[in-house]
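In what follows, a structure is listed as structure tokens, so that the remarks can point back to it.
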Amino acid sequence: MSPIKPLEIESKQEGPATILTLSGHIATPESQVLSEALERLVADRAQKIVVDLYGVELITSDGLGALIRARKAVSEVGGTLVLSGIHGNILDVFKMTRLDKIFSLYPSVDTAVEAICR
Amino acid sequence: MPFKKNAWYSIDIPSASEEILEVEESIIEALTQTVLTNSDVFAVRLALDEALANAIKHGNCADPGKKVCIRFRLEDEGITISVRDEGCGFDYRNIPDPTADDRLELPCGRGLLLMKSYMDKISFNDAGNEVTMFKGRGNNDSCLQ
């Protein structure tokens, strides 16, 4: 694994879908930053959200918790939050925790956007 | 800095999550002097982060007046790390399974599972306020078991 990399978050709109692109490490210190970014999307009433984790090299339980809370909050207002680009060690974490059973996972942002905007 | 094999190194931090990064940087630097692979380093940082977060949030209730004590030792085969808080400990034998169907959507409770899954050995002291973990080279197949 590379030395510690700060979490970077970029947000963009593709039609009705909001894409949140994450890269770097999501350990405990960065999880709060992720939570706040996701809470802002929910507060802004984003209804179709893709969180792309392709560039994420580490995620801990706090980061997973932030994604779970956001998924629930979006779902409660009738929206959808899905994940894309998960691979390697990060996919292993999702499988081990069985979170691959509750999140919809897509190989790329494009496939995720296509699925939720269908 | 060069780290001596089989010598214990100690770091004490106040109970604040922003203190975690410095500890992780120090230990990851030390790991560059071991035989561990990139996947092993991933496993160590993940487990270490979980242990530190547990100690700060649950053990010391995020009281900055309470310390978390980290000790680590580089060995020929890997690294041993212990994390101790000033709390009264917890019953690590009776933690609900976060992979159970009815717990999957809960946002917390996965830290211990990740620590156990990614490290080769993990043990607690009797009080339950100190965890000691060992990671050796290349046992990553166990991660998905």
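The values are calculated or read from the model by the stated rules, or taken from the named source; none is laboratory data. Owing to the predicted nature of the structure, the values given are computational and were not obtained by experimental measurement. Cβ atoms come from the backbone with ideal geometry, glycine included; neighbour counts cover every protein chain shown.
A compact table of results
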item: Matching entry among A:L64, A:L81 (being over 28 Å from B:V23 (Cα atoms), modelled with pLDDT of 95 or more and not polar (S, T, N, Q)); result: A:L81
item: Enumeration of residues in the range B:83-97 that are surrounded by fewer than 19 Cβ atoms within 10 Å (Cβ to Cβ) and either of a type in the set (K, R) or out of contact with any His (no Cβ under 8 Å at 6 or more places or on another chain) (or both); result: B:E86, B:C88, B:G89, B:D91, B:Y92, B:R93, B:N94, B:I95, B:P96, B:D97
item: Residues of the range A:90-118 satisfying the condition of being within 11 Å of chain B (Cβ to nearest Cβ), without any contact (Cβ under 8 Å) to a residue 24 or more places away in the chain and among the aliphatic types (A, V, I, L, M); result: A:L91, A:M96
item: Some residue of the range A:84-97 being in contact with an Asp or Glu (Cβ under 9 Å, 6 or more places away or on another chain), surrounded by fewer than 21 Cβ atoms within 10 Å (Cβ to Cβ) and not in a helix (DSSP H, G or I); result: no
item: Test: residue in the range A:71-81 that is away from every other protein chain (no Cβ under 14 Å), touching a helix residue (DSSP H, G or I) at 6+ places or on another chain (Cβ under 7 Å) and closer than 15 Å to A:L22 by Cβ; result: no
item: In the range B:20-41, the residues that are without any contact (Cβ under 8 Å) to a residue 12 or more places away in the chain and within 15 Å of the chain's Cα centre (by Cα); result: B:L21, B:E22, B:E25
item: Positions within the range B:1-47 being acidic (D, E) and assigned to a strand (DSSP E or B), in sequence order; result: B:D12
item: Which listed residue is facing chain A (nearest Cβ under 9 Å), assigned to a loop (DSSP other than H, G, I, E, B) and within 20 Å of A:G63 (Cβ to Cβ), from B:L52, B:L106; result: B:L106
item: Members of the range B:1-40 that are within 10 Å of chain A (Cβ to nearest Cβ), surrounded by 14 or more Cβ atoms within 10 Å (Cβ to Cβ) and within 16 Å of B:V83 (Cα to Cα); result: B:A16, B:S17, B:E19, B:I20, B:L21, B:E24, B:I28
item: So B:S117, is it part of a helix (DSSP H, G or I) and modelled with pLDDT of 95 or more; result: yes
item: Filtered residue count, the range A:14-62, keeping only those that are surrounded by 23 or more Cβ atoms within 10 Å (Cβ to Cβ), within 12 Å of another protein chain (Cβ to nearest Cβ) and not in a helix (DSSP H, G or I); result: 7
